[in-house]
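Laboratory data are not the source of any read-out in this text; all were calculated from the coordinates shown. Not measured: the values here are computed from a predicted model. Neighbour counts are summed over all protein chains in view; Cβ atoms, including those assigned to glycine, are modelled from backbone coordinates with ideal geometry.
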Number of protein chains: 2
Amino acid sequence: MVSKTPDHIMSAAIPEEIAGLRMTRQRQEIYRLLIEQRNHPTANEVFMRAKDRLPNISLATVYNCLEALVQHGIIRQVNFERESSRYCPNLREHAHFHDAVSGVIHDIDFKPGGNLADVLELPPGVVIEDVEITLRGKLTVQ
Amino acid sequence: MVSKTPDHIMSAAIPEEIAGLRMTRQRQEIYRLLIEQRNHPTANEVFMRAKDRLPNISLATVYNCLEALVQHGIIRQVNFERESSRYCPNLREHAHFHDAVSGVIHDIDFKPGGNLADVLELPPGVVIEDVEITLRGKLTVQ
DNA sequence: GTGATAATTAGAATAATTCTTGATCTTGAT
DNA sequence: ATCAAGATCAAGAATTATTCTAATTATCAC
């Protein structure tokens, strides 16, 4: 199997460009890290993990990279209350369930055919560009 | 009509205690101000308005009062992205629509009988304690 | 009124994020 | 390969919303 990935990068193949964004080493590592551990880390958590592979990376660069990835629609920025922003590579439209006990954040998909307009009294003329749904509660069973 | 409201307070009658919270002068003014102008102000906007009637009030007090009102379920704290928190006295369960053009935030009621579980793929065992829905978009007509 | 408790105030402290500036890396033309 | 232009990165300063601290003031129960 022939690959264009340079020898010194043995990670999962991340293309050199995504959605028009040049995937530099730093952006690649951050993106891969988000894909591998999908637990909605904060910028600082990303920073700490990224240092394993990029010891010289700075927090500013992590913020820069995350913002570039968000701006190009490659990952999503997720905010709960006024806590630190978290980042997630799940691009499907989805909600978030925040388990108050464990602190874990779960992605919740929409039901096929599910439509918010069935649930909300939307005034006429609104064109919705973005939806953000956050549920907070407990996971009783399991 | 007999009222227990002291003479020096000619504002709309706000009781001296709500939900177990002693309604001090500052808390009263802040609560009344939120009810009168329901445009989801930030703490700083509340601060500026409050100074009309309470020239010596401090921003710290505004934060203290808002938190006390929120803690006692008298008002709600609303967060959009990582912007400053906003405050709203609407206690009905509702969503928010943020008009990207005007910047105005509209309250959106749930349809009677509307249930989020009809729209979301909720895993079994989740007990939802709080829901936060934010829509962003444009108001075309009207 | 007196003492205990709670609320208010002003300013300092905190924390997440953004900004600034200079260094470094890429890319494309030569 | 070399150079210039532009993009990206890094380090630390700056910003901003919010919280904390300590001192003062108001309120409540007696």
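Annotation for A:A117 and B:N56: the two label points, set 7 Å from Cα along the Cα-Cβ direction, are 5.6 nm apart.
Here A:E17 yields copy-to-copy label distances, from shortest upward, of 6.9 nm, the label point defined as 7 Å from Cα along Cα to C-beta. Per residue of chain A, the DSSP helices (runs of n ≥ 4 H) give a summed -39500 (n - 2.57) that works out to -8000 deg cm²/dmol at 222 nm. Considering only A:Q28, A:Q37, A:Q77, the mean-square fluctuation computed in a Gaussian network model of chain A, springs between alpha carbons under 10 angstrom, is largest for A:Q37. The distance separating the Cα centre of segment A:45-83 from that of segment A:117-142 comes to 26 Å.
Spacing of the modelled spin labels on B:R25 and B:E81, each 7 Å from Cα toward Cβ, amounts to 3.9 nm. In nanometers and ordered shortest first, the copy-to-copy spacing of the B:N39 label point, defined 7 Å from Cα toward Cβ, is 4.4.
If you take every residue apart from A:C88 with its C-beta less than 9 Å away from the C-beta of A:C88, what net charge results, scoring Lys and Arg +1 and Asp and Glu -1? With Lys, Arg at +1 and Asp, Glu at -1, the neighbours total +2. The convex hull of the Cα atoms of chain B, projected and averaged over all directions, covers 12.4 nm². Please list, short to long, the whole-number percent of alpha-carbon pairs of the protein assembly as shown in consecutive 10 angstrom bins beginning at zero. Result returned by the calculation: 5, 22, 27, 24, 14, 5, 2, 1, 0. In this Cβ point-charge picture (+1 for Lys and Arg, -1 for Asp and Glu), chain A has a dipole of about 500 debye about its Cα centre.
With only Cα atoms counted, segment A:17-87 has Rg and Dmax values of 11.3, 33 Å. Between copies, the label points at A:Q71 (set 7 angstrom from Cα along Cα-to-Cβ) are spaced 4.1 nm, reported in nanometres from shortest to longest.
Here is the list for segment B:67-142: trypsin sites (Lys or Arg not before Pro) lying in DSSP coil, each with at most 13 other C-beta atoms within 10 angstrom of its C-beta, are B:R82, B:R92. The Cβ shell under 11 Å around B:V131 holds other residues with a net charge of -3, Lys and Arg each +1, Asp and Glu each -1.
In this calculation the C-beta distance from A:Q37 to B:Y63 is compared with R0 = 51 Å, giving a FRET efficiency of 0.90.
Between A:E129 and B:I18, the simple spin-label model (points 7 angstrom out along Cα→Cβ) gives 3.4 nm. Residues of segment B:102-133 with an amide N closer than 14 Å to a point placed 7 Å from the Cα of B:E93 along the Cα-to-Cβ direction: B:109-120, B:127-133.
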